[in-house]
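Novice: Got a structure for you, written out below as structure tokens; questions coming shortly.
What follows is calculated from the coordinates using simple rules that are stated; it is not laboratory data. Predicted model, so just to flag it, every value in this text is computed and none were measured. Neighbour counts are summed over all protein chains in view; Cβ atoms, including those assigned to glycine, are modelled from backbone coordinates with ideal geometry.
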Amino acid sequence: MSRIFAGNWKMHLGPEEARAFLKSFLARYRRVTGREVWLFPPAVSLETVARETRDRAEIIVGTQNVHWDDKGAFTGELSVPMAKEAGARAALVGHSERRHVFGETEDDTAKKVRALLRHQVKAVLCVGEMIDQREAGQTVAVIERQLGALAGLDANALADITIAYEPVWAIGTGRNATPADAAQVHRAIRAWFVARGVAARNLTVLYGGSVKPDNIAALLAEPEIDGVLVGGASIDAGAWLEIVNSR
Ligand code: 13P
């Protein structure tokens, strides 16, 4: 299975900056077998990024958020068919900023996952506990509750979902989970899927939260970690190249 290096640009890099970023990154980036690069630009830059990377089959472009309906009176929202038309082949769902800043509920997340499956766009479901939950020993219980967004899906559908474990206390803080801590949660996530009929080897579990050039090697040395979802360091072409080239 390929190692995945996913960059979540969050609210950074409009079309012009996206083009400049890709020019710098792609000039120095070389394809390596067994590695995929996934880029999640803001929606307004999707088309630009899809166009600039169209000759690079191992680079997948995704959107950071979608609505569950295909169209309708939902001011400010983006449907899966629209994102797909603009070049998205994947989408983040349930990112902690969506949950904690914008109040996205488990039910919203569940509907978004189903819309993505319906349109054959890869869903990257983000899960993660807050610091007080970790300190109270509730990490696995919180993650399992968030995985509840997948309840009722059969093993085939479940095998198409990518999970990103992003402890909330590690996002944008410079504090990251130790590879061993992350691996422990990744094992619990895998066990949840295995209990529902998915072969562990068919499942991709990414780690996210303050991934940087200086900690990527230690994280990827952990066999439970199939790849990373990177925020801050993914919008700096030099740092991103170092991260991607760590394998
Ligand atoms: P940082 O890498 O900036 O901590 O962000 C992680 C993240 O939220 C990726 O989705």
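Novice: Which value, in debye to the nearest 20, gives the size of the charge dipole of the chain about its Cα centre, when Lys and Arg are +1 and Asp and Glu are -1 at the Cβ?
Specialist: The calculated dipole for the chain is roughly 700 debye.
Novice: On average over all directions, what projected area in square nanometres does segment 169-238 have, based on the convex hull of its Cα atoms?
Specialist: Answer in nm², one decimal: 5.0.
Novice: Take each uninterrupted DSSP H stretch in the chain, measure its Cα extent along the helix axis, and return the ones at 15 Å or beyond whose mean Kyte-Doolittle hydropathy is at least 0.0.
Specialist: Membrane-span-like by this criterion, though nothing is claimed about a membrane: 179-194.
Novice: How big is segment 38-173 by Rg and Dmax over its Cα atoms, in Å?
Specialist: 15.2, 48
Novice: Going 7 Å from the Cα of His100 in the Cα-to-Cβ direction, what parts of segment 199-216 have a backbone nitrogen less than 15 Å from that spot?
Specialist: 208-211
Novice: Test of the criteria: in segment 64-124, which trypsin sites (Lys or Arg not before Pro) are in a DSSP loop and have at most 16 other Cβ atoms within 10 angstrom of their Cβ?
Specialist: Lys71, Arg89
Novice: For segment 105-183, what does the relative contact order come out to in percent, with C-alpha contacts under 8 Å and a separation of six or more?
Specialist: Contact order relative to length: 37 percent.
Novice: Next question. Let me understand segment 106-158 better: what is its radius of gyration from the alpha carbons, and its Dmax, in angstrom?
Specialist: Just the Cα atoms of segment 106-158 yield Rg and Dmax of 12.7, 39 Å.
Novice: Explain nothing, just the number: relative contact order of the chain, from Cα pairs under 8 Å at least 6 residues apart, as a whole percent.
Specialist: Relative contact order comes out at 20 percent.
Novice: Treat the count of other C-beta atoms within 10 Å as a stand-in for reagent exposure and order Phe5, Phe74 from fewest to most.
Specialist: Fewest-to-most ranking of Phe5, Phe74: Phe74, Phe5.
Novice: If you take every residue apart from Thr33 with its C-beta less than 13 Å away from the C-beta of Thr33, what net charge results, scoring Lys and Arg +1 and Asp and Glu -1?
Specialist: Around Thr33, the surrounding residues sum to +3.
Novice: A follow-up question, please. Report the far tail of the P(r) of the chain, meaning the percent of Cα-Cα pairs longer than 23 Å.
Specialist: Roughly 46 percent, rounded to a whole number.
Novice: Identify, among Ala57, Leu46, Asn202, the residue whose Cα sits farthest towards the positive end of the charge dipole of the chain, taking +1 on the Cβ of Lys and Arg and -1 on the Cβ of Asp and Glu, with the dipole about the Cα centre.
Specialist: The one lying farthest along the dipole's positive direction is Ala57.
Novice: State to the nearest 20 debye the size of the charge dipole of segment 120-208 about its Cα centre, where the only charges are +1 on K and R beta carbons and -1 on D and E beta carbons.
Specialist: The calculated dipole for segment 120-208 is roughly 220 debye.
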